[in-house]
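The block underneath contains the structure these notes are about, expressed in structure tokens.
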Amino acid sequence: MVVTGDDGEEKVIKMEDVVCSECGKGTDDDLMLLCDGCPDGATHTYCCDPPRDQIPEDEDWFCKECIRLG
């Protein structure tokens, strides 16, 4: 996966390096939400508060830190 960092540079992130910011686990890649605002935010659908049933297809998702920073 290629993401653009805050500095505008693209970087490659391997899914096996992605961990949930809530539980700290890197399991269940198919249920991992990846932040559309930063390269570091990731959360399992079931770790969200409230939990999500699925990955949103047509909407952006932002991690808690990006929401906090606005």
For this session: Collect the residues in the stretch 58-67 that are open to solvent by less than 60 Å² (accessible area, probe 1.4 Å) and either on the phi > 0 side of the Ramachandran plot or among the aromatic types (Phe, Trp, Tyr) (or both), keeping them in residue-number order.
Result: 61
Seminar exercise, completed: Scanning the stretch 38-57 for residues that are open to solvent by less than 30 Å² (accessible area, probe 1.4 Å), not in a loop (DSSP other than H, G, I, E, B) and not aliphatic (A, V, I, L, M) gives 43, 44, 45
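The values are calculated or read from the model by the stated rules, or taken from the named source; none is laboratory data. Note that this is a predicted model, so its numbers are computed, not measured. Only protein heavy atoms, including side chains, enter the accessible area calculation; ligands, DNA and RNA are left aside. Shrake-Rupley method; radii C 1.70, N 1.55, O 1.52, S 1.80 Å.
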